[in-house]
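J.: Below you'll find the structure I mean.
Just so you know, all these numbers are worked out from the coordinates, no wet-lab data involved. From a predicted model like this one, the values you see are computed outputs, not experimental measurements. Here the Cβ positions follow ideal geometry from the backbone for every residue, glycine too, while neighbour counts run over all protein chains shown.
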Amino acid sequence: MKYTLVIFVFTLFISCNDSEETDFAVKNEMEIQEYITANNLNAQKSATGLYYVVNEEGTGEQPTTASNVTVAYKGYFTDNSVFDQSGAEGISFNLQQVIAGWTEGITYFKEGGSGILLVPSALGYGSSSRAGIPGGSVLIFEVDLVEVN
């Protein structure tokens, strides 16, 4: 009986989390579609649900998901309020140390390339709130791939 109760509580906990993520997935998809339409973007959707716009492909080296890169960026929500941005010189990091939307999205550009990443919460911070970013948020990034280090 004790084990049955533990399994029941565990199953309930997992199903609540799945439901919350599913709710965000549907909400995020609608929010991204509305943003794309309102801003007349020609966005592509990847198999993971990441949307991206390549404004300029770039001519240099193309990074892999394990590359060290320097990226100049501006991050904002679909209401255009900015939550973070770098200077024009960008910041350097390994693509394994950032949100999944960046790990995947930056690889669509070559050095010198630029564009927009529309990141659903599942590829961002999920249902957790972080540093002024509410859980379940769609994140939009204007990115310039300065260098593949």
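J.: For Asn42, project a label point 7 Å along Cα to C-beta. Then give me every residue of the stretch 74-115 with its amide nitrogen under 16 Å of that point.
T.: Hits in the stretch 74-115 for Asn42 at 16 Å: 114-115.
J.: How would Val146, Val119, Val98 line up from fewest to most surrounding beta-carbon atoms within 10 angstrom?
T.: Values: Val146 23, Val119 26, Val98 14.
Ordered from fewest to most neighbouring Cβ atoms within 10 Å, Val146, Val119, Val98 come out as Val98, Val146, Val119.
J.: Lys110: which aspartates and glutamates have alpha carbons under 17 Å from its alpha carbon, excluding same-chain residues fewer than 8 sequence positions away?
T.: Here the aspartates and glutamates satisfying the reach criterion relative to Lys110 are Glu56, Glu57, Glu61, Glu89, Glu142, Asp144, Glu147.
J.: Using every Cα-Cα pair within the chain, state what percent have a distance larger than 21 Å. Spell out each step's value before the answer.
T.: On the way: 5153 of 11026 pairs.
Roughly 47 percent, rounded to a whole number.
J.: Can you compute the charge dipole magnitude of the chain about its Cα centre, using +1 on each Lys and Arg Cβ and -1 on each Asp and Glu Cβ, nothing else charged? Give it in debye, rounded to the nearest 20.
T.: Values: 6 positive and 18 negative charges, 96 e Å.
About 460 debye.
J.: Of Ser129, Ser86, how do they rank once you tally other Cβ atoms within 10 Å and put the fewest first?
T.: In order of increasing Cβ crowding within 10 Å: Ser129, Ser86.
J.: Another question, if that's okay. Which of Thr70, Thr107, Thr37 moves most in a GNM of the chain, Cα contacts under 10 Å?
T.: Looking only at Thr70, Thr107, Thr37, the largest GNM fluctuation is found for Thr37.
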